[in-house]
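Below is one structure, written out as structure tokens; the observations come after it.
The values are calculated or read from the model by the stated rules, or taken from the named source; none is laboratory data. Not measured: the values here are computed from a predicted model. In this analysis, Cβ positions are derived from the backbone assuming ideal geometry, glycine residues included, and neighbour counts consider all displayed protein chains. All accessible areas refer to the heavy atoms of the entire protein, side chains included, with ligands and DNA or RNA removed. Shrake-Rupley method; radii C 1.70, N 1.55, O 1.52, S 1.80 Å.
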There are 2 protein chains.
Amino acid sequence: MSFERLLMPIGEAMFTQRSVRKFRPDPIPAADLRLIVEAAVKAPNGGNHQIGRFLVVTDRDKIRDFAKLYHEAWWAKRRDDHGWTGPQDVPPGEKNYRAAMGLADEIGTVPAIAFAFAVPPGWANSIIPACQNLMLAAHALGIGSIPTTLHATVIDRFYTMFEVPKDVSFHFCIPLGYPAVKYGPSLRKPIAETAYLDRWGSAISW
Amino acid sequence: MSFERLLMPIGEAMFTQRSVRKFRPDPIPAADLRLIVEAAVKAPNGGNHQIGRFLVVTDRDKIRDFAKLYHEAWWAKRRDDHGWTGPQDVPPGEKNYRAAMGLADEIGTVPAIAFAFAVPPGWANSIIPACQNLMLAAHALGIGSIPTTLHATVIDRFYTMFEVPKDVSFHFCIPLGYPAVKYGPSLRKPIAETAYLDRWGSAISW
């Protein structure tokens, strides 16, 4: 597989990546999906045992069916975490949650979803680096994404829906599509607050 | 922070990334370490709660002290997994393990180590994407890396050594340095074996 089309400078890709929560329904070319999956699996993984698996879903009916589970899972998580039971409980100032709530309503129209799994022993650290490659490569092709998870309440039905064996570990549900809105830069704390030098709590001085 | 120096095309960075297990001791410029940490924290994380933390260690004495723990941890893991107790037990054909064994002997001479943690709730999926950014950005600057873990037997002493609070979750130990050997491309199974379309086990046809 040639990687010539992934030309975006890596700095630009990382510093402009955004979590996209509103997508256009336009389909993603199969060649692009293939390229980002090929880029994904090049990420490091424990002992090169390659336990990571991607399930890419582009079938519109399956995405619509899955969307019901996603909506249920999203609200189950909000109930657990905040006691929210419906849109009226989500504060207007919680912009990320309001946008995520919108995605839970509309995920049935995205053109593709990449689900990330790992076969036994199922380690997250052997598949999540590949997920970040997948999302960065997508971004370099103009395709937005967001890493999301699923509440336990829907997992059995989710596995049945896609014929996933029970001993496989689920890690991420990543909707993919062209962004429907323009995004500014992501906001992060200064690294003086989140990175330390030589011992915990000692701010980087460089 | 300007990302202008991270110019490597993202495809090249992903498709040429290798797990480096043999490093030169040459120091890494502080500006480069800063740039790769800044790139790292731009990765997506759950709800932008930014629970990820990096501890970058460049102090040569601390790295030498830590190297003893790393060596002990590496062998404890091999004993658990394979019953290996010393170099004589590691088959000559196990090239990755032989190289990893070499790293366990020599990690005390690497110029920097980035440890990845998450504060409560400690989710791996809110820090591991940042680790992949860190390793890709390093690679774009000619700096090699490999994501490694630590056996439970050394964790308490490791936390004490770097004053890490007990409620923090440890995720990766990433040695950083200029590669001491040339590496060919990484080997991966064809994606027909590790990625599926629309349902588990259905090979991608594109």
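Please compute the contact order of chain B in relative form: average sequence separation of alpha-carbon pairs under 8 Å and at least six residues apart, divided by the residue count, as a percent.
Values: 313 pairs, mean separation 68.8, N = 206.
In percent, rounded to a whole number, it is 33.
At an R0 of 51 angstrom, the distance between the Cβ atoms of A:Glu163 and B:Tyr183 translates into a FRET efficiency of 0.85.
Measuring against 23 Å, Cα to Cα, the residue pairs A:Lys42/A:Lys77; A:Lys42/B:Lys42; A:Lys42/B:Lys182 contain A:Lys42/A:Lys77 as the ones spanning a longer distance. Within the listed set B:Ile143, B:Ile191, B:Ile63, the residue fluctuating most in the Gaussian network model of chain B (springs between alpha-carbon atoms under 10 angstrom) is B:Ile191. Could you compute the FRET efficiency for A:Asp89 and B:Gln88, with r as their C-beta to C-beta distance and R0 at 60 Å, rounded to 0.05? Efficiency, from the Cβ-Cβ distance: 0.40.
Count the DSSP beta bridges whose two residues both fall in the protein assembly as shown, then state the antiparallel fraction as a percent rounded to the nearest 5.
80
Model label points for A:Lys68 and B:Asp59, set 7 angstrom from Cα along the Cα-to-Cβ axis, are 5.9 nm apart. Beta-bridge orientation, chain A: approximately 95 percent antiparallel, per DSSP, counting only bridges with both partners inside.
Considering only alpha-carbon pairs that sit under 8 angstrom and 6 or more positions apart, the relative contact order computed for region B:93-206 is 32 percent. Please label the shape of region B:95-206 as rounded, prolate or oblate, based on the square roots a ≥ b ≥ c of the eigenvalues of the alpha-carbon gyration tensor (a/c under 1.5 means rounded; beyond that, a/b larger than b/c means prolate, else oblate). Oblate.
With the convex hull constructed from alpha-carbon coordinates only, the protein assembly as shown shows a mean projected area of 19.3 nm² over all directions. The Cα-based radius of gyration of region A:1-88, divided by its Kirkwood radius, gives an Rg/Rh of 1.04. A:Met101 contributes about 20 Å² of solvent-accessible surface, heavy atoms of the protein only, 1.4 Å probe.
In region A:151-181, the residues whose accessible area drops by at least 20 square angstrom when the other protein chains are added to the isolated chain are A:Phe162, A:Glu163, A:Pro165, A:Phe172; the probe is 1.4 Å and only protein heavy atoms count. For A:Ser19, the amide hydrogen comes within under 5 Å of no other amide hydrogen, counting only partners 5 or more places away or on other chains and with H modelled in the peptide plane.
Phi angles across region B:170-186 convert, under the Karplus curve 6.51 cos²θ - 1.76 cosθ + 1.60 with θ = phi - 60°, into 3J(HN,Hα) values of 8, 10, 9, 10, 10, x, 10, x, 6, x, 8, 9, 8, 10, x, x, 6 Hz, Gly and Pro given as x. Annotation: region A:20-63 has a Kirkwood hydrodynamic radius of 12.8 angstrom, from the mean reciprocal C-alpha pair distance.
Using only the Cα atoms of chain A, build the gyration tensor, take square roots of its eigenvalues as a ≥ b ≥ c, and label the shape rounded, prolate or oblate: rounded if a/c is under 1.5, else prolate if a/b is larger than b/c, else oblate. Rounded. Solvent-accessible area of B:Cys173, all protein chains in place: 0 Å² (probe radius 1.4 Å, heavy atoms, ligands and nucleic acids excluded). What relative contact order, as a whole-number percentage, does region B:137-198 give when Cα pairs under 8 Å and 6 or more residues apart are counted? The value is 42 percent.
Annotation for A:Asp59, label-to-label distances across the other copies: 5.7 nm (shortest first, one decimal, point 7 Å from Cα along Cα→Cβ). Rounded to the nearest 500, the helix-only mean residue ellipticity at 222 nm of chain A stands at -11500 deg cm²/dmol, with each DSSP H run of n ≥ 4 adding -39,500 (n - 2.57). Once a ≥ b ≥ c are taken as the square roots of the eigenvalues of the Cα gyration tensor of region A:152-196, is the result rounded (a/c under 1.5), prolate (a/b larger than b/c) or oblate (a/b not larger than b/c)? Because a/c hits 1.5 or more and a/b fails to exceed b/c, region A:152-196 counts as oblate.
How much of the accessible area of the protein assembly as shown, probe 1.4 Å, is carbon plus sulfur, in whole percent? Spell out each step's value before the answer.
On the way: 9170 of 17230 Å².
With neighbouring chains kept in place, the figure for the protein assembly as shown is 53 percent.
For chain A, a Gaussian network of Cα nodes joined below 10 Å ranks A:Ala67, A:Ala114, A:Ala99 by mean-square fluctuation, and the top entry is A:Ala99. The modelled label-to-label distance for the pair A:Arg24/A:Arg98, using points 7 Å beyond Cα in the direction of Cβ, is 2.4 nm. Counted as membrane-span-like here are DSSP H helices of chain A whose alpha-carbon atoms extend 15 Å or more along the helix's own axis and whose Kyte-Doolittle mean is 0.0 or above; these are A:30-41, A:128-140. A compact globular protein would have a Cα radius of gyration near 2.2 N^0.38 Å; the ratio found for region B:48-162 is 1.14. Across the identical copies, the label point of B:Lys22 (7 Å from Cα in the Cβ direction) is separated from its matches by 5.4 nm, in order from shortest. For A:Leu141, the solvent-accessible surface with a 1.4 Å probe is about 40 Å², rounded to the nearest 10. When the Cα atoms of region B:127-185 are aligned to their principal axes, the ranges along those axes come out at 39, 22, 18 Å in descending order.
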